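Remarks on the structure that follows.
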Amino acid sequence: MEKSYGIEAARAQLGDIADHARSTGQVISLTRHGRPVAAIGPVAAIKPLTGVQVWLYLGDQEAISYTFPGVPRIGESILVETPDGNENFWDVVNVQWDIRPDEAPAVNVLANEPTKEA
């Protein structure tokens, strides 16, 4: 059964709630007036509903907007299909968050072609 806390009560216990979620893998619901408004859980369990809009920079090419299921991590490989139908792997080398007042946050991902071993 999923645990839930009222948002006001959760404020005073946030550290304990976060530790419980991390150690048990359980997602805890935060409620306001009995209705769920947010969730706390282990990072792997919390996923965006529609994906994350990312500006993907492949080498020295212009940025391309993609929707990913989550923010890529440095060291991960991404398989990208080019307009001509070819597929290439790219290694994520940097992830940058741009956060500005009065604008939606932007996620920029820089990826390079993997080095070819001789």
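Note the per residue figure in Å³ for the convex hull of the C-alpha positions in segment 62-118.
It is 110 Å³ per residue.
Sorted by accessible area (1.4 Å probe), largest first, how do Trp97, Trp55, Trp90 line up?
Trp97, Trp55, Trp90
Describe numerically, in nm with one decimal, the distance between label points set 7 Å from Cα along Cα→Cβ at Phe89 and at Glu113.
A separation of 1.5 nm, rounded to one decimal place.
Whole number in Å², please: accessible area per residue of the chain, 1.4 Å probe, ligands, DNA and RNA not counted.
74 Å²
Lys and Arg at +1, Asp and Glu at -1: add these up for the other residues within a Cβ distance under 15 Å of Leu14 and post the number.
0
Identify which of Ser23, Ser65, Ser77 has the largest mean-square fluctuation in a Gaussian network model of the chain, with springs joining Cα atoms closer than 10 Å.
Top of the fluctuation ranking is Ser23.
Take the chain, connect every pair of alpha-carbon atoms lying under 10 Å apart with a spring to form a Gaussian network, then pick out the residue of Val92, Val54, Val27 with the largest mean-square fluctuation.
Val27
So which GluC sites (Glu not before Pro) in segment 1-80 are both in a DSSP loop and have at most 11 other Cβ atoms within 10 Å of their Cβ?
Glu2, Glu62
In sequence order, what are the phi-derived ³J(HN,Hα) couplings for segment 106-115 according to the Karplus relation 6.51 cos²θ - 1.76 cosθ + 1.60 with θ = phi - 60°, rounded to whole Hz, with x for glycine and proline?
10, 10, 10, 10, 9, 10, 10, 5, x, 6
Any idea what the dipole of the chain comes to, in debye rounded to 20, about its Cα centre with Lys/Arg Cβ at +1 and Asp/Glu Cβ at -1?
It comes to approximately 840 debye.
Among (1) 56, 38, 23; (2) 56, 19, 17; (3) 42, 36, 25, which is the computed Cα extents along the principal axes in Å?
(1)
Would you look at the GNM of the chain, springs on alpha carbons closer than 10 Å, and say which of Ile74, Ile40, Ile99 moves the most?
So, out of Ile74, Ile40, Ile99, the one fluctuating most is Ile99.
The values are calculated or read from the model by the stated rules, or taken from the named source; none is laboratory data. Bear in mind that the values here come from a model prediction, so they are computed numbers and not experimental data. With ideal geometry, Cβ positions are generated from the backbone for all residues, glycine too; neighbour counts draw on all protein chains shown. With ligands, DNA and RNA removed, areas are computed over all heavy atoms of the protein, side chains included. Shrake-Rupley method; radii C 1.70, N 1.55, O 1.52, S 1.80 Å.
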